[in-house]
Amino acid sequence: MSKSIFFTGQPIFSQVLSFLPKTGVDQVSARNQADRYCKHFTTYGHLVSMLYAVFNNCSSIRELTSGLLAWEHRITHLGVDYFPRRSTFSDANNRRSEEVFGQIYQFLYNRYRHNLPDSRKGKSSKLYIADSTTISLFQEVMRNAGRPASNGKRKGGVKVHTLMRSDEDVPCLIRFSAAAASDSPFLKELKLPQGSILVFDRGYNDYGQFQKFSDQGVSWVTRKKQGTVYRIVENLPINETQAGRGVQKDKLVILGHRQYDHPLANARLIHFTDPKSGERFQFLTNNTKLAPSTIAGLYQKRWQIEILFKRLKQNYPLRYFLGDSENAIKIQIWCALIADLIIKLIKSLAGRKWSYSNLASVIRIHLMTYIDLFNFLKNPEKALQIKISHARPEWSLFPT
């Protein structure tokens, strides 16, 4: 059979991995001495293997290793000269620190953040969104929240604390904790530039940190938690325009209890009713300059981070993990975040508008197809027809 030009160039998986510079990954690995006692299965090979599992939705180590061996001849030029066996991969997931993969994600985020689609729309946004999502585990690796099941067993769970800029739509800071842990300590790790606006859910309830944000020149917006202790200082007037937009009350308050040793924070309490649904909300903020309806609109943007969590859980294997240890679970989450960042980057560079889920699905289906990725994304049907029409075998069992 003559050589078919259908198998020229690189498969889509190789082109996707071109956004993962091997030199940069090796530098991160060297700083952390992640390959110190490793002869063959390096950090880069571990990362490529995990990304194959993430993109291909592998649910077991056997599925991952057999798949890599099947396509070995197509990706050897990537610098991966060793494809792991199940025991090797399992050992690496337990031994190699998840912090290396976290630093690789941060390296890629700093490298590509300005190429993301929303970040190119004029002036950079100062709006940050913080929230957390819980990933349930079948084993009691990290203690979960809530009551035990009827059989007396409690599942494990990992809570992923996330900070993102609204104009980038990918996380800029990630921290992990057990599912039962409080959200509030995450706020203390945030170092935001002066003039920023931070939006977060009512689960982040720390009056002392609220006041520190005010002292640092950072505005914050959240919802009032049930049982919040406050004292009204002043009732602010509401004009007809704001009343027509759903604003009911606007007050200056002090959060905290004076006769107890609790931190105090100056805040503004806004009572708001959605004109469409009639649902009532109570917002807390330290910003006294923005209109009450604008504060309500800022909190509404918090839904953007919920969409991030939804697309991660829907498009990547975060229900079945390739290891039972806490380290292996965190590695898989980091690699899902790396895959998400790469897909967002490809989406911004494609010459045609794609929904995220459709793009991720197409790449998964054609992961090992030999075809130019961006020509394919511009017109998938035409690109495949051209490739197939150029495949000319020298002989056939049924000659025409």
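The values are calculated or read from the model by the stated rules, or taken from the named source; none is laboratory data. For clarity, every value in this text was computed on a predicted model and none was experimentally measured. Note that we place each Cβ from the backbone using ideal geometry, even for glycine, and neighbour counts take in every protein chain shown. Protein only, heavy atoms only, side chains kept; ligands, DNA and RNA dropped before computing areas. Shrake-Rupley method; radii C 1.70, N 1.55, O 1.52, S 1.80 Å.
Any idea which of (1) over 23 Å from residue 99 (Cα atoms); (2) modelled with pLDDT of 95 or more is the one residue 341 doesn't satisfy?
In the conditions (1) over 23 Å from residue 99 (Cα atoms); (2) modelled with pLDDT of 95 or more, residue 341 misses (1) alone.
Any idea how many residues of segment 224-252 are assigned to a strand (DSSP E or B) and surrounded by fewer than 18 Cβ atoms within 10 Å (Cβ to Cβ)?
The number of residues fulfilling the criteria is 9.
Which of the residues that make up segment 201-223 are open to solvent by 80 Å² or more (accessible area, probe 1.4 Å) and in contact with a strand residue (DSSP E or B) (Cβ under 7 Å, 6 or more places away or on another chain)?
202
Please indicate, with yes or no, whether at least one residue in segment 24-43 is surrounded by fewer than 16 Cβ atoms within 10 Å (Cβ to Cβ), over 20 Å from residue 87 (Cα atoms), under 22 Å from the mean Cα position of the chain (by Cα) and not acidic (Asp, Glu).
The answer is yes; a qualifying residue exists.
Quick check on segment 350-400: of everything there that is under 21 Å from residue 307 (Cα atoms) and open to solvent by 80 Å² or more (accessible area, probe 1.4 Å), which residue is modelled with the lowest pLDDT?
Across segment 350-400, the extreme among qualifying residues is 353.
Which pairs have Cβ atoms under 6 Å, sit 6 or more apart or on different chains, and link a residue in segment 52-68 that is over 23 Å from residue 15 (Cβ atoms) to one that is in a helix (DSSP H, G or I) and of a type outside the set (Lys, Arg)?
Taking only residues 6 or more apart or on different chains, the pairs are 61/89.
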